[in-house]
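The values are calculated or read from the model by the stated rules, or taken from the named source; none is laboratory data. None of the values given here were measured: they were computed from a predicted structure. Positions of Cβ are generated from backbone atoms using ideal geometry, with glycine treated the same way; all protein chains shown enter the neighbour counts. SASA here: full protein model, heavy atoms, side chains in, ligands and nucleic acids out. Shrake-Rupley method; radii C 1.70, N 1.55, O 1.52, S 1.80 Å.
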Amino acid sequence: MKYSTNIQVKNSGDHFETTALVGDHVVIFDEPSSHGGTDKAPTPHQMLLSALGACIAITLRMYADRKQWDLKKIVIYLNMEKVNELSRDAGNPMNDEITKIYRKVEFGGDLSQEQLKRLEIISNKCPVHKTLTGKILVEDFPS
């Protein structure tokens with residue numbers, strides 16, 4: 001999928017506070033005061049986790065609605081950390097920094113164990129989850 005208009009992100013010199021123009025929407029990012037920001041908005045990593053959670057919730061809602069299941073509520077808890085893991089590349093031990101994303105999905109409603117298992121499977125099929133777990137290339141726009 002390629003969007004019809006580009007997302008534009010601007011930092012106008014007000015330290016870390018940064019604005020993204022996303023279609024007709026404005027999204028603000030910042031850093032916490034402990035990192036030199038003013039804590040006026042979520043950090044980019046918090047927004048990344050929020051995007052994943054929102055995508056999971058929307059995907060689950062679409063699926064449950066289509067199946068006409070009694071899914072009353074979806075609550076998703078997310079967090080992340082950077083960890084160093086020892087890997088072996090061609091026999092040479094190396095420390096690789098990886099990002100671990102932790103999540104917990106809770107459901108409310110009158111759902112069977114089979115439905116709950118199916119919802120757990122579907123939660124891993126949202127487009128943002130697929131993007132984050134797939135190969136990603138970040139490139140400049142072509143000239």
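To put it simply, the accessible area of the chain at a 1.4 Å probe is 52 percent carbon and sulfur. Looking at the chain, the accessible area is 76 square angstrom per residue; that uses a 1.4 Å probe and ignores ligands, DNA and RNA.
By a 1.4 Å probe calculation restricted to protein chains, Ser34 has an accessible surface near 100 Å², given to the nearest 10. Ordering of 129-136, 67-74 by packing is 67-74, 129-136, highest average first (other Cβ atoms within 10 Å, averaged per residue).
For the chain, the longest principal axis of the C-alpha atoms and the axis of helix 44-67 are separated by about 20°.
Do the sum for the chain: with -39,500 (n - 2.57) for every DSSP H run of n ≥ 4, divided by all residues, what is the mean residue ellipticity at 222 nm, to the nearest 500 deg cm²/dmol?
-9500 deg cm²/dmol
State the Cα centre-to-centre distance between the range 36-75 and the range 102-126 in whole Å. Each part reduced to its Cα centre gives a spacing of 14 Å. Per-residue extension of 0.36 nm, minus the Cα-Cα distance of Thr99 and Val22, leaves a gain of 25.1 nm for this segment. Values (i) 2, 10, 17, 21, 18, 13, 8, 6, 4, 2, 0; (ii) 2, 7, 12, 15, 16, 16, 13, 10, 6, 3, 0; (iii) 2, 9, 20, 23, 23, 16, 6, 1, 0 are given for comparison; P(r) over Cα pairs in 5 Å bins from 0, in percent, derived from the coordinates here, is the one labelled (ii).
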